[in-house]
Structure formats: structure tokens, C-alpha cells
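The numbers here are math on the coordinates, done by the rules we state, and not lab data. Computed from a predicted model, the values in this text were never measured in an experiment. Heads up, the Cβs are rebuilt from the backbone with ideal geometry, glycines too, and the neighbour counts pull from every protein chain shown.
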Amino acid sequence: MNAPVLSLSRRLRKSPFEARSHHGAKATSVYNHVVLPTAYVSLEDDYWHLREHVQIWDVACQVQVEVKGPDALKLVEFLTPRDLSSMVPGQCVYAPLLDERAGIVNDPIILCLAQDHFWLSISDSDVLLWVKGLALGAGFDVTVSDPDVFPLSLQGPKSEALLGRLIDEPVGDIRFFRFIETQIAGIPLVVARTGWSGQGGFELYLKEPAEGERLWDTISDAGIDLNLRPGCPNLIDRIETGLLSHGNDMTLDNNPIEAGLDRFFKIGKPANYLGREALEKIAQDGPLQQMVRLVVSGQPLPNPRVTYPMSVADSAGTGCVTSMAYSPRLGHNVGLGYVPTGSARVGNSVTVEVSGEHVSGQIADKDWHCTIPSLQQCPNPPR
């Protein structure tokens, strides 16, 4: 069955890069009401290119929620269990946002532009009206808005070399999860060493949408000899890196402890936050399930449109697979999913149900090691 063609209208927010990024894209999705390319040559070819060269991504879909005013820090602190009290201008942090039950509302990168000025660079869920409502209801002295700020990303091992040709500042001085304000061809940008891949890179926040195509062309011309080409967040790379996707691997039904995001915060931060009581109870009692990495045998499996049911060898409870892809580098399917907490041990056997078929697998460690003989050999070694 052929997928329907995506109809574009003013209901979808326009990316300032789409006249360039849509050219050659073989698949797209909609993310935060913006069209997001999801494949160019193929999922696998795009994956290898990302690992070996450098790509330019249109990630204008990572829209910003801007918080400004005397209570800006207080409001942003109220949204997350992560302690932001020591944030300084030029710093970014990854932070889960919670509802009153400690469900994950979103997981943005928060940029501190000034002590009274923050951007929440959000993943795929409607955060703007939620933050506005909290600000109004709790009486925070802030302005919450949706600015015309659009990220473009350079990802891959050659991204630092490319960016070094384009800005005057030493690229090596931009530390991980830090940003600078600079220019490319006179176009003002916020440039952060962040990005949604495991290969390293930068996100360039454009504040003048009319300059989007000129910025894209300037970067493209500078990267010809580096084998720069358009790309997009890659499912295989994302899973291998262990990057969770909001809406796929976590939703309002998940809390950050079971999702493994508790490494980004400590229980008991000084400032109050929404969902604190619920989260502290989960931390005290322990989560009922835990996010794990999975290796699964057999032919390449598609990413689940809905979660794949999963049974675990030593548990009467069930789990689910939330993301799945075939890794050409590892030679088998890799996935992310939830299993009952008592069964979340590396090496534990699982059985995944896919379209009525049962496929064997195992919980893997962070390097995707497992003990199943058939999964220890890589039939398609790295090229």
C-alpha cells in the first residue's frame, strides 16, 4: 500500500530551509506542526554517511518556547526536576518536563541566554500553551512566546571541520552543551554543540527566517569537499546511541525514572517543581518497569507503528518494544523498550511479537553486547 501524499498548507509551520531540505527527501513526517525529512537515499545509506562524513539537517521542527522576565528562572525550574539554579548564559541542559503525576510532558534542550531569558528547544509535543497556562495560573512574572527561531543542524565526524570554515571563533572552544552567538556570512546565529545523533555536531539557531536559504547555500558550498549532503535524524543511529524519542519511547504515561532519565537530575532539588510529590514517591517505591536496550534475531524488523508486545523469560509480567531498527553495523535488530523492573538484567531472554510471529532476543548492555551465539556474529561487518 502506498503512503498518502502529505498536503502542505498554512496549518503546518513553514521551515525557512524547506525549499532546500525537501529537495531529494524520500520520506517525511510532521513534528511540532513542521515537516521533517526522515530519509534521503535510504535509512541505511543515510546512516553510513552520517557516521563517516557530515550532514546538514533541517530541524526547524525543534521549535522554541521562549520564557522571558523577572521570574523566568523560577518558571523554568518549576517545569523540571533538574536543578537549573547554577545555569549561566551560554549553557544548555537536557531536562525532562513533568506533569502533576510525574509523566513526561517533553524533554527539551534548555538554553540560558540570560538570567531572565530562556529557550526551550522542544521535542514533539505542544508545550507552548502548557507553559503559558502554568505561568498564568501560578502568577509568574514572565512572558511566554513562540519566537521565529529555527535550528539547522550539522552532524557527523566532519562537522567541526565544516563549522571551522564558517565562523571566526575557534570551534574547539565550544564545549559540549555550550553555545556562542556568532555569524555566518553576516547572518546572526546561536551555535550550540548539541544534536540528536551519536556522531557529534552542532545546532545553529537562526533568528532571521528570511536568511534560511542563504544560510543553507553558504554551508553547502563550504562543505562540498567534505562530502556534505542533506540528512536528517536517523533511526538506526538514534537507537544505537540510546537517544529516546518523545512520543515513541516515552509519553505522559512514562516517568523519567523508568525511562532512565534520572541520570540527568537528583531527587530533592531546592526549588519546587510540578510533579515533585509523585516523582519522589516513585523514587522511594521504585519504578514498575525499566527502559532497556534489546538485540533481536531474525530478518530486519520495521520500527513499530504501535509498540510490540514482549515477554521476558523470568517474569509473569509483560513488556513492550518502543523503537526498533536493523543495524547494518552490528548485523542484527536493535531496539529500545520496557520490561518489568525485576527482569531488567543484561542477558535476560525476551520474546517479541511482531505481526503474529514470535522472535527471540535478549537484553543488551550499553555497547549492545549479548550472549546469544547467533547474535554475536556480524553477518554484515562494518564497511
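Listed values, structure above:
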{"quantity": "Environment charge at ALA39 (Cβ cut-off 10 Å; Lys +1, Arg +1, Asp -1, Glu -1)", "calculated": "-2"}
{"quantity": "Cβ-based net charge around ASP148, under 13 Å, with every Lys or Arg adding one and every Asp or Glu removing one", "calculated": "-1"}
{"quantity": "Viscosity 0.692 mPa s, temperature 37 °C, Stokes-Einstein D of the range 155-254 from Kirkwood C-alpha radius, µm²/s", "calculated": "221 µm²/s"}
{"quantity": "Alpha-carbon centroid distance for the pair the range 52-113 / the range 218-273, whole angstrom", "calculated": "12 Å"}
{"quantity": "Dipole moment magnitude, nearest 20 debye, the chain about Cα centre, only Lys, Arg, Asp, Glu C-beta charged", "calculated": "300 debye"}
{"quantity": "Among ASN303, PRO70, PRO96 - extreme Cα towards positive end, dipole of the chain, charges at beta-carbon", "calculated": "ASN303"}
{"quantity": "Charge context of ALA72, other residues only, Cβ under 10 angstrom, K/R +1, D/E -1", "calculated": "-3"}
{"quantity": "Translational diffusion coefficient (Stokes-Einstein; Kirkwood radius from C-alpha pairs) of the range 140-201 at 4 °C, 1.567 mPa s, in µm²/s", "calculated": "99 µm²/s"}
{"quantity": "Flagged links, alpha-carbon separation over 19 Å, of LYS281/LYS366; LYS14/LYS207; LYS74/LYS132; LYS132/LYS207", "calculated": "LYS281/LYS366; LYS132/LYS207"}
{"quantity": "Projected area, mean over directions - the range 288-383, Cα convex hull, nm²", "calculated": "5.8 nm²"}
{"quantity": "Estimated 222 nm signal from helices in the chain, with DSSP H stretches of n ≥ 4 weighted -39500 (n - 2.57), rounded to 500", "calculated": "-5000 deg cm²/dmol"}
{"quantity": "Cα gyration tensor of the chain - equivalent ellipsoid semi-axes, whole Å, descending", "calculated": "33, 29, 18"}
